[in-house]
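**Q** Next up is a structure, given as structure tokens.
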Amino acid sequence: MSWPSNEDGWVLTDDEHGGRSLMHTTDGGTTWTAIMDATGVNQVLFADGTNGWLAGNGLRSTHDGGATWMSAAVPDAGDVAAVAAARGTVHVGYIGSTSGAVGVASSPIDHDDFAAASFTIPAGAGPRLDLSLTAGGPYAALIYDDRTFVGAAQIVNGKWGKWGVTCPFDNPTATVGLSPGGQNLAVACGPSGFGDAEPIVAADLSSGGLNWTPVEPASGSPDEGQATLDFVAATDAGVRIVAYTKADGSGMIAGSSDGGASWPARTPLPAGTSLSAFAHLPDGRLLVAVAPAGGLISADGLTWNAVAETS
């Protein structure tokens, strides 16, 4: 989901028949209007009230606030899996149709002029393309999972290049999130189901280097189910967030205010719900949508309150 203003929001919703729709609100979520069929789309993102993108089954863009949508050309893109935008630039992560490698292309937000970065990540064993792409301020980062962690990229000196981050155990999954202004970074690793029982760990950046702190202890097994990562996020005030599903199926949001050294803030999801989407709101608050309906909102990333269900 994406909120270019506190009143103007866009979400993807699923129905019981496997279909997906793009929904829009102009009154802060009190009412929603179905805009189009979005089956096959995995992400909606607006950089502002005018410029937005739908990633999945290619890339579609709008530059008139969602009134019209058109296919956007991305060099060699077989499928676009993720999109992120900051400071007037949009980045898309994709699998190359001829190269077979994972690449990133960037464009000004106000028109489609995507240029592919020279750096790519060789494709994993397949067949799952799972990209975590985030942008904040002048920075951006990407983590590529293909059932397990494959590789990562980041913007260095204005250009995409290799990011040498690695997880502290074999066969993990990983995800990354930047704060809106790019001041703070959150990274977490978790079990993939293709290795031993491992904990969920988060990057501890409190000392200036990279260490790993357990957030959820190892539990379950690859055969019986393990904890799974859902998303990570960071705020410009320095709070890091790791959201995950425990081995028993219940959801949890953990928060750290000391650079990731400790994770004392814990907010369980309402019983019978699961994490479905996350967004930074323009006023600095954070919003989590849960399935089948409803959500949680936070002013600081540490304390969360329920959001009323809407129609």
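The values are calculated or read from the model by the stated rules, or taken from the named source; none is laboratory data. Computed from a predicted structure; not experimentally measured. Cβ: placed from backbone, ideal geometry, glycine included. Neighbour counts: every protein chain shown.
**Q** Of the conditions (1) over 23 Å from Phe278 (Cα atoms); (2) in a strand (DSSP E or B), Ala135 clears all except one; give me its number.
**A** Going through (1) over 23 Å from Phe278 (Cα atoms); (2) in a strand (DSSP E or B) one by one, Ala135 breaks only (1).
**Q** Could you tell me which numbered condition Thr303 fails, if it satisfies all but one of (1) modelled with pLDDT of 95 or more; (2) not in a loop (DSSP other than H, G, I, E, B)?
**A** (2)
**Q** If the requirement is being at pLDDT below 95 and among the small types (Gly, Ala, Ser), which of these qualifies: Gly177, Gly181, Gly195, Gly161?
**A** Answer to the selection: Gly195.
**Q** Given (1) at negative phi; (2) at pLDDT below 95, where does Gly28 come up short, assuming only one miss?
**A** Exception for Gly28: condition (1).
**Q** Right, something else. Looking at this structure, is Thr245 of a type in the set (S, T, N, Q), surrounded by 16 or more Cβ atoms within 10 Å (Cβ to Cβ) and within 21 Å of Leu12 (Cβ to Cβ)?
**A** Yes, satisfied.
**Q** Still on this structure, please answer the following. Would you call Ser257 of a type outside the set (Val, Ile, Thr) and buried (at least 17 other Cβ atoms within 10 Å of the Cβ)?
**A** yes
**Q** When the residues of region 199-255 are narrowed to those that are under 20 Å from the mean Cα position of the chain (by Cα), among the charged types (D, E, K, R) and part of a loop (DSSP other than H, G, I, E, B), which ends up farthest from Phe169 (Cα to Cα)?
**A** Step by step, filter region 199-255, then rank; the result is Asp236.
**Q** Assuming Asp64 fulfils every condition listed in (1) charged (D, E, K, R); (2) farther than 19 Å from Ala289 by Cα; (3) over 20 Å from the mean Cα position of the chain (by Cα); (4) modelled with pLDDT under 95 apart from one, which condition is it?
**A** (4)
**Q** Hey, another quick one. Before we move on, is Asp15 surrounded by fewer than 21 Cβ atoms within 10 Å (Cβ to Cβ) and at pLDDT below 95?
**A** yes
**Q** Across region 239-270, which residue is farthest from Ala299 (Cα to Cα) among those that are among the charged types (D, E, K, R) and touching a residue at least 40 places away in the same chain (Cβ under 8 Å)?
**A** For region 239-270, the residue satisfying everything is Asp258.
**Q** Checking the condition touching a strand residue (DSSP E or B) at 6+ places or on another chain (Cβ under 7 Å) and either aromatic (Phe, Trp, Tyr) or part of a loop (DSSP other than H, G, I, E, B) (or both), which residue from Gly66, Gly103, Gly78, Gly93 passes?
**A** Gly66
**Q** Being modelled with pLDDT under 95, closer than 29 Å to Ala123 by Cβ and surrounded by 15 or more Cβ atoms within 10 Å (Cβ to Cβ) is the requirement here; does Gly52 meet it?
**A** In short, no.
**Q** Considering only residues of region 106-132 that are within 20 Å of the chain's Cα centre (by Cα) and in a strand (DSSP E or B), which is farthest from Gly65 (Cα to Cα)?
**A** Per the criteria, the residue is Ile121.
**Q** Among the candidates Ala135, Ala115, Ala123, which residue alone is at pLDDT 95 or above, surrounded by fewer than 20 Cβ atoms within 10 Å (Cβ to Cβ) and either more than 26 Å from Ser61 (Cβ to Cβ) or of a type in the set (A, V, I, L, M) (or both)?
**A** That would be Ala115, the only listed residue that is at pLDDT 95 or above, surrounded by fewer than 20 Cβ atoms within 10 Å (Cβ to Cβ) and either more than 26 Å from Ser61 (Cβ to Cβ) or of a type in the set (A, V, I, L, M) (or both).
**Q** Additional query: Output the qualifying pairs, or none if there are none: Cβ atoms under 9 angstrom, residues six or more apart or on different chains, first residue in region 32-54 and on the phi > 0 side of the Ramachandran plot and touching a residue at least 12 places away in the same chain (Cβ under 8 Å), second residue assigned to a loop (DSSP other than H, G, I, E, B) and surrounded by fewer than 23 Cβ atoms within 10 Å (Cβ to Cβ).
**A** Close Cβ pairs (under 9 Å, with a partner that is assigned to a loop (DSSP other than H, G, I, E, B) and surrounded by fewer than 23 Cβ atoms within 10 Å (Cβ to Cβ)) amount to Gly40/Gly56; Gly40/Asn57; Gly40/Gly58.
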